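Written below as structure tokens is the structure these notes are about.
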Amino acid sequence: MKRIFLLLFIVSSALYAQTEYVLSDDQVYDFLQRMETLHIINNYSSFEIPKPRNEIAKYLKEVIANRHKLDNVDKNILLDLEKQFELELYGTLNNSEKLIAGKHFDFLSQKEKYLYFINDTVNNINLFFNSAGHADGIMGIYSGPSKTVAATVMSYELQVRGSFYNKFGFFWRGGDGVVFGQREAALFRRDLQINYKYNTFDKPNSFDITTAGYLTADFNAIKIKLGRDRMNIGYGAVPVILGNYSNIFDYLYFNARYKSIDFSYFHGKLLGNSSSIYDSTQGEINTIDDKYIGYHRLGLNLSNDFNIGGGEIIIYSNRPIDLTYLNPFNIYKTAQNSEKDRDNSLVIFDFNNKSIEGLKLYGVLMIDDVELSKLGSNYWGDQFLYNIGFISDNLYNNLPLEFQFEYVRIDPYVFTHRLPDNNYTNNENSLGSFMQPNSELFLTQLNYRFTSRLTLSANFGYYLHGANPLKPDGSVSKNVGGDINLGHREFDANDAPFLDGDRETTRRFSAKLNYEPIKDVYFSGTLTYLNQSLQNSISNKRFETFISFGFVL
């Protein structure tokens, strides 16, 4: 009887497979990573995010089957996720309600809320319309000299997603926001630092929500996506391959999975170096160099507890899309030699091990360039990135506490290239994290779940950076490989010792409290202390506070 019930459960769920992807900042990814660490689910990898809803539902089914192994907090989190993914799990929308054409909409209910949705079971068509609002109260308090800055940031956006015939899907998001108060405080938010409208347009207090939109096709073992959304690639709190530091970009994505083998690929369009001229008739004319990124990775699940991966990245520019790199199965490192060595290729190796229940070990090695005969020296051409860390769950007498430690080291000149257009950047911002070449980071983080709706996260980061010494006019007096936008030049020294140059130190402590009193209604408070000793004897010490409110409807 149990087997029959399980079979019916799987079959009925398959009838409502949703092919859209869940945004990379959704809480479900933290939950699934914890379930992976605790041996509740198998063959899950957090190396590449986001993931499609039907794949997430597959892992949630495993958790549901092992519900008795969860602590009380995670059991309640699972109940919320069952509402969020009810259609994928059960083929129903009994725990969802819509404002438009709904019978008894209640904003204060604990159900999943939508503006409107269509669930056509006859034609296998599903459409969901959402809105989301967010407000931040931001304050910065500086010491030495004492100064206080403040701003209020408000935004509103619309989201539409849908699936057709269990094979095709789409997603669209767009919105606008406004800033009241001082720009200096508003720019504590990274998304506003890189927002083109907020930093360029004539209306200095408005900004747009970074538009995301894509089409998907899902053929079970093979998945295809065309469009744009935020991708994170890498393990841990600081995704070193692809993170949140630069603008999102358009790309073509392909994934094939068969048993223990997982192959991923994407080819994307980036923003290269830009320039502008002023025309008396047309006004300002911006020119942006063509720039592209290619990525592929082969992952192997050697067991339920151990998986490894190897991949490549290529950055090329100043020509149309190159079929050499549009081919998912080419070897970039050798192909770029046949392209006359004008592109920037990087090789990636990664591992993820959770042999000990409740403990996850992970690591990433990136090789930007290497001269084997000079390994172990300070030769500038030996460029490596090391990322290693661990996450522990359920090691503290069943306390709902998670502890994480991470170390990242980026050698001088990593991510840079002799041709500036081929630097590992998008619009001159790192594609990975905030970290520059010639730097290292020690990061510790604690996450405590008081309840399923009340969580506390605290972290401390110690960051060291060897910056390029500057002349009084701001130009570089010595290149030590500490700037992602400046590669090695013919006249630069052949030796590049790690952390050479002007030593910069950043100590950052942050604590964030999240509270969701009602389903899809959020409050949070964040306190950050930043203590920086930068080059040219510049000191920066400040407290940052964020009081946030948000809702999804």
Lys269 paired with Asn327, simple spin-label distance in nm, labels 7 Å along Cα-to-beta-carbon: 2.4
Can you bin region 137-187 into rounded, prolate or oblate? Criterion: square roots of the alpha carbon gyration tensor eigenvalues sorted a ≥ b ≥ c, rounded for a/c under 1.5, prolate for a/b above b/c, oblate for the rest. prolate
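Hey, any idea what Rg/Rh is for region 490-540, computing Rh the Kirkwood way over Cα pairs?
Numbers: Rg = 20.2 Å, Rh = 15.1 Å.
So for region 490-540, dividing Rg by the Kirkwood Rh gives 1.34.
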In nm, give the distance between the simple-model label positions of Asn42 and Ile356, each being 7 Å from the Cα along the Cα-to-Cβ direction. 2.3
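Rg/Rh for region 418-486: what does it come to with C-alpha atoms and Rh from Kirkwood? Could you put the intermediate results ahead of the total?
Working: Rg = 17.8 Å, Rh = 15.0 Å.
Looking at region 418-486, the ratio lands at 1.18.
Give the whole-number value, in cubic angstrom per residue, of the convex hull volume spanned by the C-alpha atoms of region 62-163. The partial results should precede the final answer.
Working: hull volume 19.2 nm³, N = 102.
That works out to 189 Å³ per residue.
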Compute the signed sum of charges (Lys and Arg +1, Asp and Glu -1) over the other residues within less than 10 Å, Cβ to Cβ, of Asn247. +1
Which three extents, in whole angstrom, do the alpha-carbon atoms of the chain cover along their principal axes, largest first? 75, 62, 52
Which three extents, in angstrom, do the Cα atoms of region 258-315 have along their principal axes, listed largest first? 65, 16, 15
For an R0 of 25 angstrom, estimate the FRET efficiency from the Cβ-Cβ distance between Ile518 and Tyr90 and round to the nearest 0.05. 0.65
Shape call for region 306-417 from the C-alpha gyration tensor, a ≥ b ≥ c root eigenvalues: rounded (a/c under 1.5), prolate (a/b greater than b/c) or oblate? prolate
Efficiency by 1/(1 + (r/R0)^6): what FRET value for Tyr116 and Gln535, r their Cβ-Cβ distance, R0 = 45 Å, to the nearest 0.05? 0.25
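Within 10 Å of each candidate Cβ there may be at most 15 other Cβ atoms; applying that plus a DSSP loop requirement, which trypsin sites (Lys or Arg not before Pro) in region 422-479 survive? List each step's numbers first, then the result.
Details: sites: Arg449, Arg453, Lys478; in loops: Arg453, Lys478.
Answer in residue order: Lys478.
Computed from the coordinates by the stated procedures, all read-outs in this text should not be read as laboratory data. The structure presented is a predicted model; accordingly, all values stated were derived computationally and were not measured. All Cβ positions, even for glycine, are placed from backbone atoms using ideal geometry, and neighbour counts span all protein chains on display.
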